[in-house]
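One structure is given below, encoded as structure tokens.
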Amino acid sequence: MSRTCANPRCGAPLGGTRRAQTTTCSNRCRMALSRARRASTVPAELRERDRWVLHDAAKAPRTPGGAPASVTDPATWSRFSTVRSRPRRGFVLDGDGIVCIDLDDCLDAGGALSPLATALLRRCPPTYVEVSPSGRGLHVWGRGEVARGRRLRRGGGKAEIYGAGRYITVTGRPHGGAPSVLGDLSGVIRWLLT
Ligand SMILES: [Zn+2]
């Protein structure tokens with residue numbers, strides 16, 4: 001019985017020497033499959049919008065083909081299915097009411113939250129929160145009105161709030177038991193701004 005690589009974008013024969021529990025042909029495909037599985041935690045409200053980009057190591061947005069992308073040019077954005085198994089994905093905020101609060105460096109190596117992150121998450125309704133690519137930050141996704149991006153300091157911590165003209169990385173790694181839904185962040189945004 002010949003088996004094939006479980007990465008749907010690959011499908012290469014696995015060959016007889018692979019152990020029975022090995023389902024992918026290579027480390028690369030194993031990582032792609034794991035990213036695709038994690039991607040199912042991304043809220044449907046993000047997945048169903050064709051506003052996805054990739055980014056390079058310098059965080060410049062790219063199309064899946066590697067060309068420069070722009071957060072103001074929808075022609076350079078993609079469907080989620082195109083990026084779901086790729087590393088370095090991002091979702092473009094275009095002012096439609098989907099917003100993200102970016103908390104850099106708010107998780108220590110042991111996973112403990114900074115005082116600002118603790119206070120902020122306590123004020124959040126159930127909403128999608130994920131760990132940033134560095135493993136040290138959190139992205140709090142939800143709905144709200146953010147006329148322009150804001151960077152602010154509060155209680156010894158830093159927070160950034162964005163709603164348009166920007167892409168935010170999406171790892172598919174939820175923080176704690178964060179649900180795959182977008183909650184109303186208007187209360188927590190007001191709290192941050194006052
Ligand atoms: Zn493969």
Output for region 40-63, where each listed residue is within 18 Å of Thr127 (Cβ to Cβ) and either under 13 Å from the mean Cα position of the chain (by Cα) or within 16 Å of the ligand (Cβ to nearest atom) (or both): Ser40, Thr41, Val42, Pro43, Ala44, Glu45, Leu46, Arg47
Extreme residue, modelled with the lowest pLDDT, among residues of region 6-20 that are closer than 19 Å to Ser81 by Cα and open to solvent by less than 80 Å² (accessible area, probe 1.4 Å): Gly11
Residue match in region 99-111 (condition: part of a strand (DSSP E or B), in contact with a Pro (Cβ under 8 Å, 6 or more places away or on another chain) and within 20 Å of Trp191 (Cβ to Cβ)): no
Residue that is nearest to the chain's Cα centre (by Cα) [pool: residues in region 93-135 that are open to solvent by less than 40 Å² (accessible area, probe 1.4 Å) and of a type in the set (Ser, Thr, Tyr)]: Ser132
Any chance Gly135 is free of Cβ contacts under 8 Å to residues at least 12 places away in the same chain and outside any strand (DSSP E or B): no
Breaking point among (1) farther than 21 Å from Asp96 by Cβ; (2) free of Cβ contacts under 8 Å to residues at least 24 places away in the same chain, for Arg148: (1)
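The values are calculated or read from the model by the stated rules, or taken from the named source; none is laboratory data. Since the structure is predicted, the reported quantities are computational estimates derived from the model, not experimental observations. So basically every Cβ, Gly included, is an ideal-geometry build from the backbone, and we count neighbours across all protein chains shown. Protein only, heavy atoms only, side chains kept; ligands, DNA and RNA dropped before computing areas. Shrake-Rupley method; radii C 1.70, N 1.55, O 1.52, S 1.80 Å.
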